[in-house]
Amino acid sequence: MKKHNFNAGPSILPREVIEQTAQAILDFNGSGLSILEISHRHKDFQAVIDEAEALFKEILGVPEGYSVLFLGGGASLEFCMAPMNFLNKRAAYLNTGVWSKKAIKEAKQFGEVIEVASSADTTFNYIPKGFTIPKDVDYFHYTSNNTIYGTEIRETPDSPVPIICDMSSDIFSHPVEVEKYICIYGGAQKNLAPAGVTFVVVRNDALGKVERTIPTMLDYRTHVEGGSMFNTPPVLPIYSAMLTLRWIKKCGGIAEMERRAKERADLLYKAIDESPIFRPTIADPRDRSRMNICFVMKDEYKELEPDFLKFATERGMVGVKGHRSVGGFRASCYNALPLESVQALVDCMKEFEKTKI
Ligand SMILES: *Cc1c(COP(=O)(O)O)cnc(C)c1O
């Protein structure tokens, strides 16, 4: 049976990326050696990291004066690394969910954190609006896509101060005005590569302004100077990231990724909005994520949720169970997910509805 992969992360990658990664594990560039058993300083791997960086900059539109880094540690390490490198006294944070909260917790170790707004009052089911970012803070931090709750901020918020953003789960699915940010980071395992590599975009002239001493490995300057090769980087995930970036470029870049994301999300949200038994968890269409689409059963059908999960699983749907803090269902529709998979889920929902009403 064909599987439709709605996993939240690690998650679906383009089939050709998986195949080419598998090939490089067997024989890298016809060298007779696996990519797993060569030096990261080998010229053929240097070419990989150079291409990954160049494609990342080209596709996202990263201006001069910025560096793109490929590091270890996950987005979770960036929760502390970003404030360590950019927070002198005070920073402003928007609290839109679990990942924002974790970022806030780490930042508090390095200075004062002003929470400009929060949607915690209603299980983070909306994006706060009309908040004010103070002018006397070092930066404003937000999470562009809330993977767990299914909300997303695609337009850069108006900010009087430089911006830092966790773009783990919607990178390369919509355009980004990179010049408004001093730092953009994310774990690669949602939209870019297998787990193990973290992408970080930093504005070079924003570095070196904090008063604290920073341990070498946690100082972005170390990795800017070392070209992400200060120590052994996550070689294989970087190779796959390069392949995914090639794939994005070949498909037509961010414009095409955005068109596809919109097409998938429109199809699924329409089915949820029109359903007699399902309902979306995010009411305001402006706040709805295109990457993680969350829905539950209406109160009068609530007890049917386990039945639908079984029904969907039997028809090849993978990873549609909602996060435990939201319940219901979550279909993660990352860049590599074909429209056919969303159509299959919609067909499955409609078929289930017919058996119940
Ligand atoms: C998955 C995720 C993280 C955590 O990433 P790790 O690489 O596991 O540390 C952080 N932020 C967001 C928005 C995520 O989706």
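The values are calculated or read from the model by the stated rules, or taken from the named source; none is laboratory data. Computed from a predicted model, the values in this text were never measured in an experiment. Every residue, glycine among them, receives a Cβ derived from its backbone with ideal geometry; neighbour counts consider all protein chains shown.
Remarks
- If you check A91, A54 for being part of a helix (DSSP H, G or I) and either of a type in the set (A, V, I, L, M, F, W, C) or more than 16 Å from the ligand (Cβ to nearest atom) (or both), only one passes: A54.
- Scanning segment 173-190 for residues that are within 11 Å of the ligand (Cβ to nearest atom) and part of a strand (DSSP E or B) yields Y185, G186, G187.
- Qualifying positions in segment 303-331 - more than 16 Å from I282 (Cβ to Cβ) and under 21 Å from the mean Cα position of the chain (by Cα): V318, G319, V320, K321, R324
- Between G208, G196, the distinction of being over 18 Å from K57 (Cα atoms), within 21 Å of the chain's Cα centre (by Cα) and either within 12 Å of the ligand (Cβ to nearest atom) or assigned by TED's automatic domain parsing to the domain that holds L60 (or both) belongs to G196 only.
- Odd one out for R259, checked against (1) surrounded by fewer than 16 Cβ atoms within 10 Å (Cβ to Cβ); (2) over 19 Å from the mean Cα position of the chain (by Cα): (2)
- The residues on offer are I282, I357, I293, and the sole one that is at negative phi, surrounded by fewer than 18 Cβ atoms within 10 Å (Cβ to Cβ) and in contact (Cβ under 8 Å) with a residue 40 or more places away in the chain is I357.
- Looking across segment 1-35, just one residue is closer than 14 Å to P237 by Cβ, within 16 Å of the ligand (Cβ to nearest atom) and among the aliphatic types (A, V, I, L, M), and that is L13.
- Qualifying residue in segment 154-172 (condition: within 11 Å of the ligand (Cβ to nearest atom), surrounded by fewer than 24 Cβ atoms within 10 Å (Cβ to Cβ) and farther than 27 Å from G253 by Cβ): no
- Answer residue from segment 296-332, given it is among the β-branched types (V, I, T) and surrounded by fewer than 22 Cβ atoms within 10 Å (Cβ to Cβ) and is farthest from Y149 (Cα to Cα) among those: T313
- Number of residues in segment 105-117 that are in contact with a Phe, Trp or Tyr (Cβ under 8 Å, 6 or more places away or on another chain) and without any contact (Cβ under 8 Å) to a residue 24 or more places away in the chain: the value is 3.
- Positions within segment 68-88 being of a type in the set (G, A, S), more than 8 Å from the ligand (Cβ to nearest atom), under 15 Å from I184 (Cβ atoms) and within 16 Å of the chain's Cα centre (by Cα), in sequence order: none
- If the condition is being within 16 Å of the ligand (Cβ to nearest atom) and either assigned to a loop (DSSP other than H, G, I, E, B) or assigned by TED's automatic domain parsing to the domain that holds D287 (or both), then segment 131-153 contributes S144, T147, I148, Y149, G150, I153.
- I293 being outside the structural domain of F352 (by TED's automatic domain parsing) and touching a strand residue (DSSP E or B) at 6+ places or on another chain (Cβ under 6 Å): no
- G61 being more than 22 Å from S228 (Cβ to Cβ) and either surrounded by fewer than 22 Cβ atoms within 10 Å (Cβ to Cβ) or not acidic (D, E) (or both): no
For (1) among the charged types (D, E, K, R); (2) in a loop (DSSP other than H, G, I, E, B); (3) within 15 Å of L268 (Cβ to Cβ), each residue gets a yes or a no:
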site: V326; (1), (2), (3): no, yes, no
site: Y334; (1), (2), (3): no, yes, yes
site: V342; (1), (2), (3): no, no, yes
site: V346; (1), (2), (3): no, no, yes
site: K350; (1), (2), (3): yes, no, yes
